[in-house]
Structures are given as structure tokens and as C-alpha cells.
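Asks: Have a look at this one before I ask anything.
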Amino acid sequence: MPTRTNPRHWRLLNASTIEALPARLAHARTRANADARKLANADWLIRRKDDGRFIAVRRGDRLLPLFRNALPSVLEDDFTDLAISAANPHGQHPIGGLTDRLDELGLDADDYAQRVGLPLVPEPRSLGFAGFDRYRRPLWLTDPASAAWLDMQRAAREDDVELDAISGYRSHAYQLGIFRRKRERGLAIDDILAVNAAPGFSEHHSGNALDIGTSGEPPAEESFENTAAFAWLCENAAGFNFHLSYPRNNPHGIVYEPWHWCWSAGSVARAEPSASATPVGR
Ligand SMILES: [Zn+2]
């Protein structure tokens, strides 16, 4: 599975505990010379999801570890899982062991789901490259969300409105890592839940949600609602199938998030002025 040259074709391959990114993305970012040599001509970078550490590169059929004992910590099953993702890019991972891992953290998934009225969100098996975010990190979204985001960003720019991405896809493992570290520091579950979505319940796991910002504005602050960018989104985002997930006083009890928008296939499409318009009343 060689990587493609054109960024439009770059993909993140997602397995349960590891993920693979196109090596071309990281060529400019490497510090150590030894790593630079391993990265030269590499196809994929393999990263551990829970702490984000790069553990190996893949060049052709060869897997080269990036530090001593990097690979024994990864099971054969993880690489099989990665191969399944490469073969089924539009599939989703089963929710599987997530509820067990939530139990270990002291969080009852069923109880939480009932309390907030949100479902567990499965992870896609692969994601498309949607450009870079505000911090020059690669932004990963599902293919349709990525296309809609890039269209919407372009349309806004034509109206002299600048939209930038702050955060797109995030994995269960990443969110579990945040929780685990906070629990280890002695924080109570409810205190963590006041500021972080429970792992598995964030729309960001789907690859369809996006935190949007604009220049000169701090990320993820309620003051975003006073910007021209927010006004433009309220007017136009629905035309690109993006919707505000957590308006004021939403039924999930989640704080108002004017920056958080989610793409969905089932939302209102742009009106087609034609004779085949849907009859009134449906
Ligand atoms: Zn968000």
C-alpha cells in the first residue's frame, strides 16, 4: 500500500490501537538524523493512538522501529487490523471494548448515554486529508465531510470571511488518554466531564465534526459567536450540510459551543428549483 503524491489522496488508516499516516506529511518535521534516514523513502508512519507516539515506519513490506522495543508493545493483531482498514476504507470500527475501558476509568457508559441522550460514536476505518488546521497539524475528516468543509471554506473566502479549522477527527484512544491522565492526577469523573466529552461520545470520533475558528479569535471560546465568521456560518453552513451541534440550552446539557459544527448526509440539501420539488407537507 504505497502512499500517493497528491495530498488530496492522502489517508489516515485507523486501527484500534495504532494508526498509519502518509510519511510525506512528516518529512519536514523530523528532528533526529537517524529518524530522518528511516523516513527517507518511507511510505507510512505508524503511531500509537493513546499517547500519539510514532513507533515505526513502513517502507514497502518492511517495518522499521523508531526506538528500541517499539514493536514488541504492538501486537500482530494491530497490524492485521490496519490492513483491514486499508482494504475497507469506508467501513467503521465496532464499538467493542470501549465500554470495558470506560468501566476501568469509573465511567458507566449506559448511565452516561441515558443522562446526556447521546449515542456512542464509532470510529471510521480511514479518513481523508482535509488540509492543515490553524496549528499546521493535518486535519482528518471523512471523505464527504472533507469535501464539504473545503467547499464551505472556499465559499466563505469569496465572501471575504476567513474560516480555519481548529480540530477535526479525534480517536477514542486520544480522549481516553486525556481522561486517564486527569484521573491519575486525582480529578473526579464529574469534574472532567464538565470540560471534556466522555470518551466514545464525542462527535469528533465520527470524523464528521469540526471546530471552526477565525483569525484573531481564540479557539473554542463563546466569543466566536460575535464574529463575522459565525454570522456567515449561521447563514450558509446548512447549504453545505454542516449544523451547529450544541446551541444554547441544548437538550444534552452540553455547554453552548458556537465553534462546533457537524456534517451529516441526511441534512437539508441545497434547494433545487425544479418541477420535481417535494410536495408541501412532507
Ligand atoms: Zn468540537
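The values are calculated or read from the model by the stated rules, or taken from the named source; none is laboratory data. Please read all numbers here as calculations on a predicted model, not as lab measurements. FYI the Cβ positions are ideal-geometry reconstructions off the backbone, even for glycines, and counts take in every protein chain you see.
Asks: Kindly evaluate Ala265 against the criterion of being touching a helix residue (DSSP H, G or I) at 6+ places or on another chain (Cβ under 8 Å), touching a residue at least 40 places away in the same chain (Cβ under 8 Å) and not in a loop (DSSP other than H, G, I, E, B).
Replies: no
Asks: Examine the stretch 81-90 for a residue that is surrounded by fewer than 11 Cβ atoms within 10 Å (Cβ to Cβ) and either in contact with a helix residue (DSSP H, G or I) (Cβ under 8 Å, 6 or more places away or on another chain) or not in a helix (DSSP H, G or I) (or both), and state whether such a residue exists.
Replies: Within the stretch 81-90, one or more residues are surrounded by fewer than 11 Cβ atoms within 10 Å (Cβ to Cβ) and either in contact with a helix residue (DSSP H, G or I) (Cβ under 8 Å, 6 or more places away or on another chain) or not in a helix (DSSP H, G or I) (or both).
Asks: Go through (1) surrounded by 16 or more Cβ atoms within 10 Å (Cβ to Cβ); (2) part of a loop (DSSP other than H, G, I, E, B) and name the single condition Gly52 misses.
Replies: All conditions pass for Gly52, except number (1).
Asks: Would you mind stating whether Leu64 is at negative phi and touching a Gly at 6+ places or on another chain (Cβ under 6 Å)?
Replies: no
Asks: For a quick check of your reading of the model, give me the residue pairs whose first member lies in the stretch 101-125 and is within 17 Å of Ser171 (Cα to Cα), whose second is among the hydrophobic types (A, V, I, L, M, F, W, C) and surrounded by fewer than 18 Cβ atoms within 10 Å (Cβ to Cβ), with beta-carbon atoms closer than 7 Å and at least 6 apart or on different chains.
Replies: Listed pairs, sorted by first residue: Pro119/Ala113; Leu120/Ile95; Leu120/Ala113; Pro122/Ile95.
Asks: Checking Pro273 against (1) surrounded by fewer than 16 Cβ atoms within 10 Å (Cβ to Cβ); (2) within 16 Å of the ligand (Cβ to nearest atom); (3) modelled with pLDDT under 85, which single condition isn't satisfied?
Replies: (2)
Asks: While we're looking at this one, here's another question. Among the candidates Ala109, Ala130, single out the residue that is touching a Ser or Thr at 6+ places or on another chain (Cβ under 8 Å) and at pLDDT below 90.
Replies: Selected residue: Ala109, the only one of Ala109, Ala130 that is touching a Ser or Thr at 6+ places or on another chain (Cβ under 8 Å) and at pLDDT below 90.
Asks: I'm checking my understanding of the structure. Among residues of the stretch 119-163 that are under 24 Å from Thr17 (Cβ atoms), aliphatic (A, V, I, L, M) and in a loop (DSSP other than H, G, I, E, B), which one is farthest from the ligand (Cβ to nearest atom)?
Replies: Leu120
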